[in-house]
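One structure is given here, and the rest of the page talks about it.
No value in this document is a laboratory result; all are computed from the given coordinates. Every value quoted in this text rests on a predicted model; they were computed, and no experiment measured them. Positions of Cβ are generated from backbone atoms using ideal geometry, with glycine treated the same way; all protein chains shown enter the neighbour counts.
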């Protein structure tokens with residue numbers, strides 16, 4: 001089950017990097033609009049806070065899709081499968097997904 005989202009997530013890279021905007025998220029991965037392309041199968045580290053919570057979650061995932069977004073010039077549609085996630089983050093995601101509006 002996936003939940004809709006529109007909050008920022010940050011790829012761990014040099015300071016000042018533009019955040020990606022989440023489209024949907026689940027316990028196993030997420031989809032987002034990224035300001036730059038990332039090749040498929042690249043491992044990325046992500047930081048995000050769920051709406052209404054102060055805790056910052058850190059996960060690692062593999063890019064499983066990267067396609068240009070036609071409606072947003074210069075942005076890319078990324079799908080990321082989580083490969084490393086703590087039990088605390090998984091529980092927080094389960095709770096968030098259970099309460100949030102479901103993605104189609």
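Out of (1) 33, 30, 24; (2) 35, 34, 28; (3) 58, 30, 16, which label holds the value of Cα extents along the principal axes in Å that was computed here? Comparing each candidate, only (1) matches the computed number. Label-to-label distance for residue 36 and residue 54 is 3.2 nm, based on points extended 7 Å past Cα in the beta-carbon direction. Relative contact order, whole percent, for the range 3-99 stands at 26, derived from Cα pairs under 8 Å and 6 or more residues apart. Counting other Cβ atoms within 10 Å as a rough exposure proxy, the listed residues 64, 97, 56 run 56, 64, 97 from fewest neighbours to most. Label-to-label distance, residue 45 versus residue 26, with points set 7 angstrom from Cα along the beta-carbon direction: 2.7 nm. The distance linking the range 24-43 with the range 87-104 is 17 Å (Cα centroid to Cα centroid, whole angstrom). In the range 64-104, Cα pairs under 8 Å separated by at least six residues give a relative contact order of 27 percent. Against the chain, whose longest principal axis is taken from its Cα atoms, helix 87-99 shows a tilt of about 90°.
Listed from fewest to most Cβ neighbours within 10 Å, the set 47, 77 follows the order 47, 77.
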